[in-house]
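Only the coordinates and a few stated rules stand behind these numbers; no lab work does. Note that the structure is predicted; figures quoted are calculated from it, not measured. Glycine also receives a Cβ, built like all others from the backbone with ideal geometry; neighbour counts cover every protein chain displayed.
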Amino acid sequence: MSTTSNASLIARHNAALTPNYGKLPAAIVSGSGSRLTDADGKTYIDLFAGFGGTILGHCHPALVHALSAQANTLWTVGNQFYSEPQIRLAEHLKAKAFDGRAFFCHSGAEANEAAIKLARLAAGGGDNEGHGKYKIISFLKGFHGRTLGALSATPTPAYQKGFTPLTPGFLAVPYNDLAALKAAIDEHTAGILMEPIQGEGGVHLPDPAFPAQVRKLCDENNITLIFDEVWTGCGRTGHYFGHQLYRHPDGSPVLPDILTLGKALGGGIPTACMFAIPRLAALLQPGTHGCTLGGNPICAAVAAAVFDVLEKENLCDQAAEKGRKIRAALTGFKNAAKIKDVRGAGLMLGIQLHAPDAAPVVAAALALGLVINATSKNVLRLAPALNIPDEDLDQALPLLDQALAAV
Ligand SMILES: Cc1ncc(COP(=O)(O)O)c(C=O)c1O
């Protein structure tokens with residue numbers, strides 16, 4: 001496929017692109033299912049699926065078909081027209097999440113921007129003197145994106161450093177700390193933004209009762225609850241959406257007012273969504289918000305096909321089952337003693353190491369032909385495609401065990 005090597009592509013990249021991403025020393029030129037091939041012809045088993053984006057693996061026939069059929073039918077005409085693929089995608093979300101209304105855009109950060117704006121719009125917003133209802137509370141170690149609003153809700157200093165002043169009206173409290181959350185709420189609070197499982201922050205689950213308690217607080221104080229499911233959405237956790245892991249004491253589901261989705265929504269094609277209950281969605285009247293290419297027929301057709309496949313191939317259940325298989329395998333690893341903790345749900349797994357830095361394991365895995373990731377210094381992350389073949393997983397897990405010897 002490529003006449004160039006990793007080395008030459010890396011050199012050309014470095015001369016032509018910004019250096020803002022930490023890089024692994026390989027240029028990937030093709031993929032099929034959960035297998036990748038680099039420019040030197042080396043193959044890898046992909047246990048990270050492009051930060052969760054390629055949730056059905058690479059080049060799934062149903063997605064290729066949806067993409068090419070739509071590409072041969074209609075590209076973008078703009079959101080002044082009605083468009084069947086985006087209706088189909090929104091209907092999937094209504095059927096699988098709750099009765100909401102969709103606004104489509106391209107990235108998780110943009111979806112969160114829309115959610116933050118809508119929470120402020122619903123609350124009346126504030127003025128430049130700090131009057132009104134405009135504050136957004138998020139959680140320490142949370143991650144919501146790199147745009148200025150989303151970054152203001154992402155309280156990790158390393159991400160914010162150099163970009164001040166941030167957007168006013170944001171504050172953060174420890175995840176899982178109900179007392180701190182109660183204390184942070186005041187008459188200015190418009191919204192609470194939380195991940196059902198913190199992803200970038202190290203794969204942290206809340207106490208199972210916490211999401212319901214947050215929901216109750218929001219109801220009592222007329223606050224919009226936003227669940228950022230950019231990582232946890234679209235089957236990743238063994239449920240269509242991560243919030244479906246949690247229940248109220250009476251067994252009823254814990255629902256947000258606004259759900260945000262990205263990453264896996266388009267199966268690897270840039271697509272994101274803010275999905276809001278009708279009362280809030282109705283506030284987004286013409287002129288309030290927009291995104292030129294959001295919900296364009298090509299992205300929407302592929303994303304709708306993602307949900308067709310999730311449903312048809314029963315992939316939520318498969319994610320849960322494969323997640324259990326990986327956890328069971330980890331306990332039997334020769335290098336199991338290197339592992340301090342395993343957290344997550346379904347195929348969103350964080351493996352915390354005793355060693356302070358997981359980067360050597362990621363590098364060793366790559367050398368062995370395995371793609372994994374590390375976050376929060378010493379947490380390895382696995383997020384393979386939900387349909388990763390058993391043979392690939394069976395081959396990948398001993399490689400992971402071997403790579404752990406690097407720390
Ligand atoms: C929970 C969460 N929200 C939002 C984002 C931002 O998404 P994007 O990079 O598509 O803007 C991320 C990215 O990792 C994320 O994990």
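Overview of values
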{"quantity": "Folded to 0 to 90 degrees: helix 6-16 orientation relative to the chain principal axis, Cα", "calculated": "30 degrees"}
{"quantity": "Exposure proxy ranking, count of Cβ atoms within 10 Å, fewest first, for Met194, Met274", "calculated": "Met194, Met274"}
{"quantity": "Rounded Å value of the spacing that divides the Cα centres of segment 320-348 and segment 9-30", "calculated": "31 Å"}
{"quantity": "18 Å reach of a label modelled at Asp207, 7 Å along Cα-to-Cβ, counting backbone N of segment 235-263", "calculated": "246-251, 254"}
{"quantity": "Relative contact order (%) - criterion: Cα under 8 Å, at least six apart; region: segment 1-60", "calculated": "30 percent"}
{"quantity": "Point-charge dipole on Cβ atoms (K/R +1, D/E -1) for the chain, about Cα centre, debye to 20", "calculated": "500 debye"}
{"quantity": "Segment 239-343: chymotrypsin sites (Phe, Trp or Tyr not before Pro) in DSSP loop, at most 14 other beta carbons within 10 Å", "calculated": "none"}
{"quantity": "Packing-based exposure ordering (other Cβ within 10 Å, fewest first) of Trp231, Trp75", "calculated": "Trp75, Trp231"}
{"quantity": "Value of [θ]222 nm, deg cm²/dmol, for the chain, DSSP H segments ≥ 4, -39500 (n - 2.57) each, nearest 500", "calculated": "-10500 deg cm²/dmol"}
{"quantity": "Sequence-separation-based contact order of segment 74-312, relative, with Cα cut under 8 Å and 6+ spacing, percent", "calculated": "28 percent"}
{"quantity": "Dipole axis of the chain (+1 Lys, Arg; -1 Asp, Glu on Cβ), positive-most option in Leu56, Ser376, Tyr82", "calculated": "Ser376"}
{"quantity": "Kirkwood Rh (inverse of mean 1/r, distinct Cα pairs), the chain, angstrom", "calculated": "21.9 Å"}
{"quantity": "Average Cα contact separation per residue, the chain, under 8 Å, 6 or more apart, as relative contact order %", "calculated": "21 percent"}
{"quantity": "Tilt relative to the chain, helix 84-96 - C-alpha long axis, 0 to 90 degrees, to 10", "calculated": "80 degrees"}
{"quantity": "Euclidean distance between Cα centres, segment 362-407 to segment 142-158, Å", "calculated": "28 Å"}
{"quantity": "Rounded to 5, the percent of DSSP beta bridges in the chain classed as antiparallel", "calculated": "65 percent"}
{"quantity": "Cα principal axis extents for segment 129-233, largest first, Å", "calculated": "37, 36, 22"}
{"quantity": "Which of Lys117, Lys377 has the fewest Cβ neighbours within 10 Å, and the rest in rising order", "calculated": "Lys377, Lys117"}
{"quantity": "Euclidean distance between Cα centres, segment 159-219 to segment 77-130, Å", "calculated": "20 Å"}
{"quantity": "Options Ala304, Met194, Gly108, ranked by Cα towards positive dipole end of segment 74-312, top entry (Cβ charges)", "calculated": "Ala304"}
{"quantity": "Principal semi-axes in Å for segment 328-407 [√(5λ), Cα gyration tensor, largest first]", "calculated": "18, 14, 12"}
{"quantity": "20 Å cut-off, amide nitrogen to a point 7 angstrom out along Asp394 Cα→Cβ, residues in segment 332-351", "calculated": "332-334"}
